[in-house]
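Structure, as structure tokens:
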Amino acid sequence: MSQITLDGLTKQFGDVEAVRGIDLTVESGEFLVFVGPSGCGKSTTLRTIAGLEDATEGRILIGDEDVTGLDPAERSVAMVFQNYALYPHMTAAENMTFGVRSSFESDAAMQERVQEAAETLDIPELLDRKPSELSGGERQRVAIGRALVREPAVFLLDEPLSNLDAKLRVQMRAELLELHRELETTTVYVTHDQTEAMTLGDRVAVLDDGRLQQVATPQELYDYPDNRFVAEFLGNPAMNVLSVDVVEGETTYAAEHAEFRVPLPDHHDADLSRVAGSVAQFGVRPEDISVRATESGRQTSDGTAADESATAPQTVGEATASQTVGEATASQTVGEATASVTVTEPLGESLLLHCDVGEDSLRVKTQPRTAVSPGDTVVLGFDRDRLHLFDPDDGTTAYHSSPKGEAAPTRTVAEMQD
Amino acid sequence: MATETDRRSGASTAVSFPDVSGGQLLVHGGLVLSIFLMGLPLLLALVMSTQTTTEVYQVTNLQIGSDGLSNYETALSTYNLGQYMVNSFVMAAVIVVGKVALSLLAALALVYYEFPYERAVFVFVLLTLLLPVPVRIVPLFQLMADLGWANTLLAITGPYIASATAVFLFRQHFRTIPSSLVENARLDGVGPLTFLVRVLIPMSRGMIAGVAVITFVYAWNQYLWPLIVISDQSKQVVQVGIRFLQGASQSGLTQWGLIMAGAVIALLPPLAVLIALHRPLLETFSLQQK
């Protein structure tokens, strides 16, 4: 139908290589999101698919047709721009129909299509207004409506929500998803916002420096990043990455840091012998570190009462019924790192701790209302199944502590029933 | 607290006029004086256009003269000023339309097309500003003679139609239009001329009006080139027509009343255009300042 295939797509601007050989297939009906830092080539890739830029090398196929050399108008694509790209002197309806008149049999058929699109987007009463009389969200709806009227094989959206305020963005995000479910048109969406990428994409393609880093479902990207860049780019706060030595014990391997030692579970998917005996980058997400015990820095002056109250909610091993979430993670906790808290950031739904562990620092996402304050000493543990090792040279992933597609998602529930 | 009081007193100064302080009075006085000085030649022309030749030569006589409107009648009827006005109007209109159309197309090419040495072409267009018509009069006259255009409408309009200023203004304006609008049109397969007519021109109305006003006034005031290239008096323009009035003397004295009347008549059309389109004109100039 209308799958998009990129085959070695390369785009150069003079000496600058913006896109360096992307191979990717967007399945028919799929919602694919390109995400990456600014200047990573995501917009250029999209514009090359649209035909607004010519590919320097490589091919683009939409459906079975090679469109690499075709004019944008011959590709059956519709694009929504960040700045909406509405013509200020035309009404919303005129904006939606400008340029498509010839593709409809009659004016009536076209007006019907406009009405239909307006109703889908809930804006029929705005059709006679000019862009200057519309709010940002309404303008974006008109811009999307313009794309709908064209009934293209492919929708291309270039940061369409970036100019909206936060609340409207969340709302439009949900509406876009709904719209896509309804139309099932192949959609390519570009954003720099990882939340948008994760929530919208059937699959997410992470780009950096003109290269495709990884394409996978949002959860897989998050749990099994292919390299350090993907690991650190997705997730907020970002993954902690420390230098460790990988040492081989009698039966198992372990990651050894100056301040702690974490055993690395072996499994069929892992090949730890490759990195054993050398330095590696040890990655763990803030939410996969738990506080095993706290020791108030003010203990001497406050007495033992403060110590007890501070330790109580996070004590590990003596699980109580009210601690189900903490328990699930805690029971898998390995390693023991003593750290001193430097900053606490209450985020409402969680508490973010910045801790110093020897020379390095760690961000730890823990439960809210944990009684920890700057200056305290905490003992941290790591979730056994959520550890990663990256190659120190090229950043590629050397090891995930749980095999792909197993354990992690189902384990928690199983353990909770024990 | 202090700022609040200040603001209140500031507001009252702005609203009630009698509060004007000494300094402001000085500024206002200066402004009124300078406006008066600038308007003085026009005022004198208006007064002198009603006076008889004798009255004009009485330097201290600044009253409305005894001739009334008879100078105007003479200028229009006896000296055929009406015909010159029509000629001028046709010339100015052709120049305005031609210049705007050509400059829009040139700016379209410069902004929306990629061609080799684009920058150099634009610089070259700007360089023509260094060679206005008066500098080129001799070769231009030769060219007109060779083309057989001498003494025709083509000769007084053609040289003015290419304009670096207008190309520059339109180019700057087009560059402020977001590129996504063009890209949108490209995605729909809208051709460049359709885009120009349906999108660029409606979005540039103010700029076009501004350029049209400047051009109209400029074209209307042309004197030297029409004087040289037009030999047939019935095809002459109004500025040269005023010069013809000077030839009419009364017992050796130049009829200044008649000339002033002609000058005032010649002034009216550009004045009307200026008043009608002063808003877009201001817009054009504010853009130039950016």
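The values are calculated or read from the model by the stated rules, or taken from the named source; none is laboratory data. Only a predicted model underlies this, so the values are computations on that prediction, with no experimental measurement involved. Every residue, glycine among them, receives a Cβ derived from its backbone with ideal geometry; neighbour counts consider all protein chains shown.
Restricting B:227, B:181, B:193 to residues that are under 19 Å from residue B:107 (Cβ atoms), assigned by TED's automatic domain parsing to the domain that holds residue B:89, in contact (Cβ under 8 Å) with a residue 12 or more places away in the chain and part of a helix (DSSP H, G or I) narrows the list to B:181.
On the basis of being under 22 Å from residue A:81 (Cα atoms) and either without any contact (Cβ under 8 Å) to a residue 40 or more places away in the chain or more than 9 Å from chain A (Cβ to nearest Cβ) (or both), does residue B:169 make the cut? Considered against the rule, which asks whether it is under 22 Å from residue A:81 (Cα atoms) and either without any contact (Cβ under 8 Å) to a residue 40 or more places away in the chain or more than 9 Å from chain A (Cβ to nearest Cβ) (or both), residue B:169 comes out as no. The requirement of being assigned to a strand (DSSP E or B) and closer than 21 Å to residue A:404 by Cα is not satisfied by residue A:231.
When the range A:1-56 is filtered for residues that are among the acidic types (Asp, Glu) and either in a strand (DSSP E or B) or over 18 Å from residue A:216 (Cα atoms) (or both), the ones remaining, listed by number, are A:7, A:15, A:17, A:23, A:53, A:54. If the condition is being buried (at least 16 other Cβ atoms within 10 Å of the Cβ) and of a type in the set (Ser, Thr, Tyr), then the range A:41-67 contributes A:43, A:44, A:45, A:48. When the range A:155-188 is filtered for residues that are of a type outside the set (A, V, I, L, M, F, W, C) and in contact with a His (Cβ under 9 Å, 6 or more places away or on another chain), the ones remaining, listed by number, are A:159, A:162, A:187. Right, residue A:99: free of Cβ contacts under 8 Å to residues at least 12 places away in the same chain and buried (at least 20 other Cβ atoms within 10 Å of the Cβ) or not? Judged against the criteria, residue A:99 is a match. Whether any residue in the range B:263-270 is buried (at least 20 other Cβ atoms within 10 Å of the Cβ) and either among the acidic types (Asp, Glu) or within 14 Å of chain A (Cβ to nearest Cβ) (or both) is what I want to check. No, the range B:263-270 contains no residue that is buried (at least 20 other Cβ atoms within 10 Å of the Cβ) and either among the acidic types (Asp, Glu) or within 14 Å of chain A (Cβ to nearest Cβ) (or both). Here residue A:70 meets the list (1) surrounded by fewer than 21 Cβ atoms within 10 Å (Cβ to Cβ); (2) hydrophobic (A, V, I, L, M, F, W, C); (3) within 14 Å of chain B (Cβ to nearest Cβ); (4) part of a helix (DSSP H, G or I) almost entirely, failing just condition (4). Among the residues of this structure, residue B:145 does not count as one that is small (Gly, Ala, Ser), assigned to a helix (DSSP H, G or I), surrounded by 20 or more Cβ atoms within 10 Å (Cβ to Cβ) and away from chain A (no Cβ under 14 Å). Residues in the range A:188-209: is at least one farther than 27 Å from residue A:400 by Cβ and either in contact with a Lys or Arg (Cβ under 7 Å, 6 or more places away or on another chain) or surrounded by fewer than 17 Cβ atoms within 10 Å (Cβ to Cβ) (or both)? Yes: the range A:188-209 contains one or more residues that are farther than 27 Å from residue A:400 by Cβ and either in contact with a Lys or Arg (Cβ under 7 Å, 6 or more places away or on another chain) or surrounded by fewer than 17 Cβ atoms within 10 Å (Cβ to Cβ) (or both). The residues in the range A:73-85 that are facing chain B (nearest Cβ under 7 Å), in a loop (DSSP other than H, G, I, E, B) and buried (at least 18 other Cβ atoms within 10 Å of the Cβ) can be counted, and the count is 2. Evaluate the range A:40-60: report whether one residue or more is within 11 Å of chain B (Cβ to nearest Cβ), under 29 Å from residue A:141 (Cβ atoms) and of a type in the set (Lys, Arg). Looking for residues that are within 11 Å of chain B (Cβ to nearest Cβ), under 29 Å from residue A:141 (Cβ atoms) and of a type in the set (Lys, Arg), one finds at least one in the range A:40-60, hence yes. Can you find a residue that is within 14 Å of chain B (Cβ to nearest Cβ), in a strand (DSSP E or B) and farther than 30 Å from residue A:232 by Cβ anywhere in the range A:86-98? No, the range A:86-98 has no match at all.
Restricting B:167, B:182, B:138, B:199 to those that are modelled with pLDDT of 85 or more and within 21 Å of the chain's Cα centre (by Cα) reduces the list to B:167. Considering the range A:128-172, and only residues there that are in a helix (DSSP H, G or I), within 23 Å of the chain's Cα centre (by Cα) and of a type in the set (A, V, I, L, M), the residue that is nearest to the other protein chains (Cβ to nearest Cβ) turns out to be A:172. When you go through A:66, A:128 one by one, which is the residue that is assigned by TED's automatic domain parsing to the domain that holds residue A:43 and in contact (Cβ under 8 Å) with a residue 24 or more places away in the chain? Unique residue meeting the criteria: A:128. Taking the range A:226-253 as the range and being over 30 Å from residue A:205 (Cα atoms) and either within 26 Å of the chain's Cα centre (by Cα) or surrounded by 20 or more Cβ atoms within 10 Å (Cβ to Cβ) (or both) as the test, the residues that pass are A:246, A:253.
For the range A:8-35, the set of residues classified as more than 14 Å from chain B (Cβ to nearest Cβ) and on the phi > 0 side of the Ramachandran plot consists of A:8, A:21, A:29, listed by residue number. Taking the listed residues B:179, B:204, the one that is surrounded by fewer than 20 Cβ atoms within 10 Å (Cβ to Cβ) and within 13 Å of chain A (Cβ to nearest Cβ) is B:179, with no other qualifying.
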